[in-house]
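Trainee: Shown below is the structure under consideration.
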Amino acid sequence: MVGKTRRRLASELIGELVVIDKKITTAKQELTDLVNNTGSRLMDLTGIGPSGAARLIGDIADIARFPSRAHFASWNGTAPIDASSGDQNRHRLSRAGNRRINRALHIMAIVQLRRDTEGRRYYRRRLAAGKTPMEALRALKRRLSDIVYRQMTADAKLVRTGPGGHAGATLQSSAADLNPEIDTSEKSLPGPATPQPRTSLLIIT
């Protein structure tokens with residue numbers, strides 16, 4: 001009797017897991033379609049899936065409300081905070097900013113570290129330069145914030161110009177800065193821009 005009960009419960013749990021898995025697959029496809037319908041190419045970036053892209057689009061809305069990538073980084077909490085003391089020049093992670101977007105960037109960073117990506121190579125270069133693992137991760141997230149900002153700016157430009165317009169250069173999923181001589185991850189950045197009314201919002205239920 002005990003064995004039969006266990007098998008019955010196991011069978012019921014497996015059936016429930018199959019149903020839940022199907023619901024997750026359906027929800028993922030629906031999110032993918034919604035993101036694609038916005039014209040976004042965020043999912044082309046390594047580490048951003050349908051859920052992350054939807055969160056970025058939903059919370060950020062109009063990327064043009066951030067006049068620069070520095071303001072965007074300050075808003076999402078990846079801008080470094082000066083924590084220097086005496087002769088030590090240090091920065092620490094910011095605990096301010098939009099935590100949902102910060103989490104999306106954190107997941108993006110972790111995925112890049114697990115794969116053979118430019119992000120992982122950048123992280124290792126920071127370690128070789130004497131940074132701690134936390135400092136190297138902070139620097140990577142700051143770079144990825146720049147990449148997301150550029151991608152969303154390019155997407156917005158493409159939407160404005162239409163299929164026949166000029167969308168500019170293609171952006172790749174890389175942690176390399178457009179200007180290799182500027183290491184933004186080691187500089188404190190300005191505060192966020194004055195918020196503007198959101199013109200569009202992807203609502204996720």
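Trainee: Suppose the chain between residue 44 and residue 26 were pulled fully straight at 0.36 nm per residue; how much longer would it get relative to their current alpha carbon spacing? Intermediate values should be presented prior to the final figure.
Mentor: Values: separation 18, 0.36 × 18 = 6.48 nm, distance 2.04 nm.
Separation in residues times 0.36 nm, less the Cα-Cα distance, equals 4.4 nm.
Trainee: Between residue 62 and residue 107, what is the FRET efficiency for a Förster distance of 22 Å, r being their Cβ-Cβ separation, to the nearest 0.05?
Mentor: 0.40
Trainee: Got a number for carbon plus sulfur as a percent of the stretch 98-144's accessible area, 1.4 Å probe?
Mentor: Details: 1220 of 2380 Å².
Carbon-and-sulfur percentage of accessible area, whole number: 51.
Trainee: Here is a further query. Taking amide H atoms as placed 1.01 Å from N in the peptide plane, list the residues 5 or more away in sequence, or in a different chain, whose amide H sits under 5 Å from that of residue 81.
Mentor: For residue 81, the qualifying residues are 92, 94.
Trainee: Take peptides 123-131, 57-65 and line them up by average Cβ neighbours within 10 Å, highest first, as a rough protection proxy.
Mentor: Working: 123-131: 14.4, 57-65: 17.6.
Peptide ranking by packing, descending: 57-65, 123-131.
Trainee: Cβ neighbours within 10 Å, averaged per peptide: list 14-24, 67-77, 141-151 in order, most packed at the top. Display every interim value, and only then the final one.
Mentor: Details: 14-24: 10.0, 67-77: 21.6, 141-151: 24.8.
Going from most to least packed, we get 141-151, 67-77, 14-24.
Trainee: Give a residue-ordered list of calculated ³J(HN,Hα) values for the stretch 117-123 (Karplus: 6.51 cos²θ - 1.76 cosθ + 1.60, θ = phi - 60°; whole Hz; x for Gly, Pro).
Mentor: 10, 5, x, 5, 5, 5, 4
The values are calculated or read from the model by the stated rules, or taken from the named source; none is laboratory data. Remember, predicted model here, so these are calculated numbers, not experimental data. Every residue, glycine as well, gets a Cβ built from its backbone with ideal geometry; the counts of neighbours run over all protein chains shown. SASA here: full protein model, heavy atoms, side chains in, ligands and nucleic acids out. Shrake-Rupley method; radii C 1.70, N 1.55, O 1.52, S 1.80 Å.
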